[in-house]
Amino acid sequence: MIPHGRPALDLDSVARRAGVSPATFDRNHRKAFRAAVKPLPGSKRPLLYDAAQVDAHLSGKSVPPLPTEPDPSDLLTDAEVGAIVGVTASTIRYDATTGLIAAGRELHGRRWWTRAEAEARATRKPQYKGRTPGARDKTPRSRRPDQRVDEIAAELHQAAAGHRGPVNAGVIAVQYGVSTRTAERLMAKARAAGQGSTEESTT
């Protein structure tokens, strides 16, 4: 979790804040730093640290505690959101591709959601049964059709017929509020769906 209003730093950023290279920081300062400043809860790959705590440690001051009161704008990982909703982290990532939860935002190489978005998902009526943490049932769950695939397939068809401009991942990412990688996956599914429709119409 990244508390609202509290910037987070990875170790390279901590080293730059200390005025040394990451290698020098790792060699001469990391042990003392990690003893004094703990990673933000839930952070991993990379570990993240609260900027205010980092600055206090680097200036020789006492490290201040993190906020204890939840804030709607706190940023949460997929696992932390899943804990609030009562499903697995992978279910949250899937929900973000189907619109059951907001797409989230990219920060420090991973995706984050606000606490408000997590709580909104927790109160939303599920449209399919997600697998709960610790579930032993490994049967693939049924997934509802993604309406965006049909919409994108139609746009690709229009573009191919010259009725509209080119459709690319950047356009789709902006249109649906998703990452470029997700947009590329949606376009691949749309192309496959469009190809399947063409094959059916010729048989």
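The values are calculated or read from the model by the stated rules, or taken from the named source; none is laboratory data. Computed from a predicted model, the values in this text were never measured in an experiment. We place every Cβ from the backbone using ideal geometry, glycine too, and count neighbours over all the protein chains shown. The area values use the complete protein model at the heavy-atom level, side chains included, leaving out ligands, DNA and RNA. Shrake-Rupley method; radii C 1.70, N 1.55, O 1.52, S 1.80 Å.
Return one quarter of the surface area of the convex hull spanned by the alpha-carbon atoms of the chain, equal to its mean projected area, in nm². Provide the component values of the computation, followed by the final result.
Details: hull surface 64.8 nm².
Mean shadow area of the hull around the Cα atoms is 16.2 nm².
222 nm [θ] for the chain, helices only, -39500 (n - 2.57) per DSSP H run of 4+, per residue, to 500? If you can, show how the numbers build up before the last one.
Values: 10 runs with 101 residues, N = 203.
For the chain, the value works out to -14500 deg cm²/dmol.
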What's the center-to-center distance, using Cα atoms, between the range 153-169 and the range 4-45 in Å?
47
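Leaving ligands, DNA and RNA out of it, rank K61, K31 by accessible area with a 1.4 Å probe, largest first.
Details: K61 145, K31 180 Å².
The ordering from most to least exposed comes out as K31, K61.
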Rank these by accessible area, largest first, 1.4 Å probe: S179, S62, S21.
S62, S21, S179
Spin-label point model (7 Å from Cα, Cβ direction): what's the A36 to A154 distance in nm?
6.0
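Compute the relative contact order of the chain as a whole-number percentage, counting only Cα pairs closer than 8 Å that sit 6 or more residues apart in sequence. Let's see the in-between values first.
On the way: 229 pairs, mean separation 30.4, N = 203.
15 percent.
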Using a 1.4 Å probe on the protein heavy atoms, what percent of the accessible area of the chain belongs to carbon and sulfur?
53
Hey, what angle do you get for helix 89-98 against the long axis of the chain, alpha-carbon based, 0 to 90 degrees rounded to 10?
50
Under 12 Å, Cβ to Cβ, from L76 - net charge with Lys/Arg +1 and Asp/Glu -1
-1
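Taking a probe of 1.4 Å, how large is the accessible area per residue of the chain, in Å²?
On the way: 12040 Å² over 203 residues.
On a per-residue basis, 59 Å².
Quick one: net charge around A116, please, counting Lys, Arg +1 and Asp, Glu -1 for every other residue with C-beta under 12 Å from its C-beta. List each step's numbers first, then the result.
Working: positive: R115, R121; negative: D71, D74, E117, E119.
That sum, taken over residues with Cβ under 12 Å, equals -2.
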Using each residue's phi in the range 145-156, evaluate 6.51 cos²θ - 1.76 cosθ + 1.60 at θ = phi - 60° and report the 3J(HN,Hα) Karplus result to the nearest Hz, with x for Gly and Pro.
x, 8, 4, 4, 4, 5, 5, 5, 4, 5, 5, 4
Distance in nm between label sites at N168 and A102, each 7 Å beyond Cα in the beta-carbon direction?
2.8
With a point put 7 Å past each Cα toward its Cβ, work out how far R181 is from A23 in nm, to one decimal.
2.9
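Counting pairs on different chains as well as pairs 8 or more places apart, how many Lys pairs in the chain have Cα atoms under 24 Å apart? Before the final figure, lay out the partial values.
Details: K31/K44; K31/K61; K38/K61; K125/K138; K129/K138; K129/K189.
For the chain, the number of qualifying lysine pairs is 6.
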